[in-house]
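Comments concern the structure below.
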Amino acid sequence: MSSFLLLFFVLFSCQQSEKKVQEKKENETVITEKFSKPDFKINQLELREENSLTDFYSQNIRLLDNLRYSPVTIFTDKEKKEYLIAYQYEGDVKNSFSCFELGYLKDDPKLERDFGKTKYDNFKTESGLKLGMTSEEITNLKGTDFKVEKKSKEEIIRYTIDNPDDPKIKQYEMPPYFMEFYLKDNRLYKIIFGFEYP
C-alpha cells in the first residue's frame, strides 16, 4: 500500500510541475528590441542633406533617368569595385538624396557607364555597415526587430520605422524609413536604405 501511495504522490507531483512550466511559458513575454538604429550616411554623403555632397564628391554630378524608379547618380570607390547609387525623389532639392543603394559593380553591368569615382577605399555607413558582412554582424549592429525573406541561397533582411513621429526620422518629414540587406551564402552583397518612394 505504501508503494502505491508513493507512486501516486510522484505522478501527482510531476503533473503539477508540468502545469507550472506550461503556465510559466504562457505568461512569458518575448521582448524584441525595436529597430532604433537607422543609418543616414555613407562615408560623408548624408540622406536629405544637400551640403554633404561637396564633402563626399567635389565634381559636378549627373542625374540618370530610366536606370531605377527615380533619377539617380552613381559613384564608385577608387578601385571601381563597389558602387553607390544615390536616389533623388521628386521634390528633393538639388544635390539632396532620399535613398542609397550600395553593391558590387560586377553584379550590375548597367552601372559601368556614367559614374563618379570617389576617393574612398570602400563605402560604409556611420554604424560601420559594409559589403561582405554576415547576417550575425548586421543584427549585432541593428538589433533583432526585422523581417526575413528567404529564396534558396539568398535572404533579405528588412528593418523599418513606420511611425513618422519617431524622433529618429521626424525631422525629415518623409514616408517610412527602411533598410534592406541582401545576402547570398550569408555574405552581404547589397544594401538599400533610406525613405520609401512616396
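Every number here is computed from the coordinates shown, using simple stated rules; none is lab data. Source: prediction; values computed, not measured. Here the Cβ positions follow ideal geometry from the backbone for every residue, glycine too, while neighbour counts run over all protein chains shown.
Charged neighbours of L105, selected by a Cβ distance under 14 Å, balance to 0 (K, R count +1; D, E count -1). Net charge dipole, region 41-195: roughly 500 debye, given to the nearest 20, about the Cα centre with Cβ charges of +1 for Lys and Arg and -1 for Asp and Glu. Between their Cα atoms, which of K41/K153; K94/K124; K81/K190; K37/K106 are more than 21 Å away from each other? Violating the 21 Å Cα-Cα cut-off are K41/K153; K94/K124; K37/K106. From most to least packed by mean Cβ count within 10 Å, the peptides 59-68, 83-92 give 83-92, 59-68. Taking region 80-113 and a reference point 7 angstrom along Cα→Cβ of Y69, the backbone N atoms nearer than 14 Å belong to 87-90, 98-101.
Note on region 41-195: Kirkwood hydrodynamic radius from all Cα pairs is 16.1 Å, rounded to one decimal.
Legend: calculated FRET efficiency, K184 to E126, from the Cβ-Cβ distance at R0 = 30 Å, rounded to 0.05, equals 0.75. Packing order of peptides 114-120, 147-153, 170-176, highest average first: 114-120, 170-176, 147-153 (average count of other Cβ atoms within 10 Å over each peptide's residues).
The simple spin-label model puts a point 7 Å past each Cα toward its Cβ; for E149 and E136 those points are separated by 2.7 nm. In terms of the mean number of neighbouring beta-carbon atoms within 10 Å, the peptides 101-111, 40-50 order highest first as 40-50, 101-111.
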